Amino acid sequence: MEHIISVTVENKFGVLSRVAGLFSGRGFNIESLSVAPTLDPSMSQMTIVTSGDERIIEQIVKQLNKLIDVIKVVDLNETEFVSRETAIIKVHTKDADRAEALRIVDIFRANVIDSTPGTYTIEVSGDPKKIGAIINLLQPLGIKELVRTGRVAVAREPVRPVSVQTKKVARE
Amino acid sequence: MKLTGAQIFIECLKREGVKTVFALPGGVVLKIFDTLHQQKDIEIILTRHEQGAGHMAEGYAKATGKAGVCLVTSGPGMTNVITALADAYMDSVPLVCFSGQVPTSLIGNDAFQEADNIGLSRPCTKYNFLVKDVNDLAATIKEAFYIATTGRPGPVLVDIPKDVSMAEAEFSYPNSVSIRGYNPTYEGNKWQIKQAAEAIAKARKPILYVGGGVVFSGASQELLELAEMTQIPVDMTLMGLGAFPGEHPLSLGMMGMHGTYEANMAVHYSDLVIAVGSRFDDRVTGKVSEFCPHAKVIHIDIDPTSIRKNIHVDIPIVGDCKAVLRELNQILRATVNGEQKELRKPWWDQIQAWRQAHPLTYQQEKDGPIKPQQVVKRLYELTKDRDPIVSTDVGQHQMWAAQYFKLAKPNRWLTSGGLGTMGFGFPAAMGAQAAFRNRLVLCIAGDGSIQMNMQEMATAVVSKLPVKIIILNNRFHGMVRQWQDLFYNGRYASSDLENTPDFVKLAEAYGAVGLRANTMADLDGVLKKAIETEGPVIVDVPTYRFENCYPMIPAGGCNHEMLLEDPPELKQKQAGGKNVTPEDKDTVLTA
């Protein structure tokens, strides 16, 4: 099962390779990994999308915690979270296709961030399904280049024990 | 007053109470060596290979419980010490390794003797540091010792570029360390400990399964109290030997692939496994899905990742073995009474029956070739009153040493468990000897293993480390040959060494003493002479070449399905085959 793990780490050189090395050395999967500094410049935030059964995820969380540069690990699947991914897509647009491309951009609330006579560069954010969908629609026009950020995610509220969480959901 | 990086390095080591550094110089660490040369507080033991330096530091750490320290140069110095770091990481040995690095301005330029020391050591150290500024050096060394010796101990590397050791800075050594991402748990969860105590009081067929964590945490006394109070039998892992007295009636000896029959049967049929400072290694569990199928599992370990890594655990307790056992004993003292003994009588009857059915055994004929087990057994009997430290290499001799050398106390057993590093034993013994100059330190080795770090004999002679090496010489990589006999149809692919050097002459060439025991009649005399000799000694004992180590659980087999002796076709082959013993013995003698 897919899990999104949010990891707060020291903002030091070599930390990314320690985390990446842990995953490769122990044969865990990384589907995507994004990292950037937080408000506190001494720390960085990583969002790791991984997959595995319960035992593997437990090991991943424990092993991450064991790394000395890791300050905090949260398995976001234990709570509610929102996640987003951004893709930048460069599409070929012949004259006849340009209007169609713009219609697709409109439907997905994407933006055209660059334009040449033969191409549009489109920026789109959303969950992976939405990004998959726009890619599917743009593909017939001819996608020249595609880059994705990998997912970032945040818990919808402070992470509390599951039991507390259920009560709250019930009240709503 | 300002100090150079090299001086700061030495001041820090003194503050950490380091007395001995195992080291080998090179271009980028010359400043440090030059400064070390001009002081008297820290002894330098110059090794002949950096791997030796690493293993010596490990031996020192295992025997003393303090961090071992080694110092190597950049490039090849670093790559040579990697094996020792990996070994220390697997066996949780507190080690601080200092490596030289090319000057900061040259890092990344493929400079002479440059290697990415941080990248190389990352997967085999607990943590590593590159010191880029001399002002950070003291705090970094403090953190390195702190990380190496706290929590689950392990090796830490500090990489010091040449210009950092030459540059000057004000010296101040921090009193304490605080690392926000590193806070080991020492006290176990009280509720979980209570659960464990209840399970222990109720269990009819409990077993203690103790590992190296008990040794490093210094929890032997607490373990002894727990076992005696509750009358629970004790299984030890290879790393746990010495944690519980080997001759104690509650001790079942070593468990696992070459463990005793009763130790493995007991764990298989128990209803409660109490794992203390052990990690359910595959050499212990055998087939994981059928490991202790009837038992509830309590797991006490300081490293949360060890828990539920291989085996489902019912009552996990994260904490230091000593602290948790003390707490557990306190609860049990109030609840345990004579009833448990009555409750467990059938269990003990069963264990006695297993013990009697298949004790450790071998056949030693009086005028036949010497059996390797006999050598270990006699060595044990002749030295046990002197409370020796025993190191081993890796292979058959290691398993026989584990089976027959029954240690009474912890920190006497130096062996490479997790990584299984041949060549570990001799330098490790020297490291322990450097810590305890007046103790008897024995190294039980195989003829294959000893040749992997033979060069350190020069160190032993020059640095006056009077280690006694006993080589069980079968001119085979014996464990490999055993597997080939059992699982590869007896094809000895690259396991037959055919000829080994004349170890007696070799010892003499290094300026040490060499002895040989050719017959049973010689054995005792030669061993005694070795023990009484002052300097380092090699005792070469040509043994029966085809002896196999039993019991044995084939890899991936179940713990209750042990091989107890050579299968009939193998016996027949060895009795009638062309590899007859007497002529073999002749080859040894004329070799």
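Do any chymotrypsin sites (Phe, Trp or Tyr not before Pro) in segment A:1-103 lie in a loop, going by DSSP, with at most 13 other beta-carbon atoms within 10 Å of their beta carbon, and if so which? It would help to have the intermediate numbers written out before the result.
Details: sites: A:13, A:23, A:28, A:81; in loops: A:13, A:28.
Counting only loop positions with at most 13 other Cβ atoms within 10 Å, the chymotrypsin sites (Phe, Trp or Tyr not before Pro) in segment A:1-103 are A:13.
Which GluC sites (Glu not before Pro) does segment B:232-326 hold that lie in a coil by DSSP with at most 16 other beta carbons within 10 Å?
On the way: sites: B:247, B:262, B:290; in loops: B:247.
Here the sparse-neighbourhood loop sites are B:247.
So which of B:31/B:132; B:505/B:528; B:377/B:505; B:40/B:409; B:464/B:529; B:309/B:345 end up more than 23 Å apart, counting from Cα to Cα? Each step should come with its number before you reach the end.
Details: B:31/B:132 16 Å; B:505/B:528 20 Å; B:377/B:505 26 Å; B:40/B:409 33 Å; B:464/B:529 18 Å; B:309/B:345 33 Å.
Listed pairs above 23 Å: B:377/B:505; B:40/B:409; B:309/B:345.
For chymotrypsin sites (Phe, Trp or Tyr not before Pro), no site in segment B:311-357 is both called loop by DSSP and has at most 11 other Cβ atoms within 10 Å.
Label segment B:1-120 by shape, choosing from rounded, prolate and oblate, from the square roots a ≥ b ≥ c of the eigenvalues of the Cα gyration tensor; if a/c is under 1.5 it is rounded, and otherwise prolate applies when a/b is larger than b/c, oblate when it is not. Oblate is the answer for segment B:1-120, as a/c is 1.5 or above yet b/c matches or exceeds a/b.
In terms of the Cα gyration tensor, with a ≥ b ≥ c the square roots of its eigenvalues, is segment B:368-438 rounded because a/c is under 1.5, prolate because a/b exceeds b/c, or oblate?
Working: a/c = 1.84, a/b = 1.15, b/c = 1.60.
Verdict is oblate for segment B:368-438.
Projecting the Cα atoms of B:523, B:487, B:306 onto the charge dipole of chain B (Cβ charges, centred on the Cα centre) puts B:306 farthest toward the positive pole.
Each of A:75, B:524 was scored by other Cβ atoms within 10 Å of its Cβ. Listed from fewest to most, they are B:524, A:75. Estimated purely from DSSP H runs of n ≥ 4, each contributing -39500 (n - 2.57), the mean residue ellipticity at 222 nm for chain A is -9500 deg cm²/dmol once divided by its residues.
The angle separating the long axis of helix A:128-138 from the principal Cα axis of greatest extent in chain A is about 20 degrees. For chain B, the square roots of the Cα gyration tensor eigenvalues, ordered a ≥ b ≥ c, give a/c of at least 1.5 with a/b no greater than b/c, which places it in the oblate category.
Structure remark: mean-square fluctuation, Gaussian network model of chain A, C-alpha springs under 10 Å; the largest value among A:37, A:117, A:128 belongs to A:117. Compared with the dominant principal axis of the Cα atoms in chain A, helix A:162-171 is inclined by about 60°.
Where a number appears in this text, it was derived from the coordinates with a stated rule and is not lab data. Here the structure is a predicted model, which means the values were calculated and not measured. FYI the Cβ positions are ideal-geometry reconstructions off the backbone, even for glycines, and counts take in every protein chain you see.
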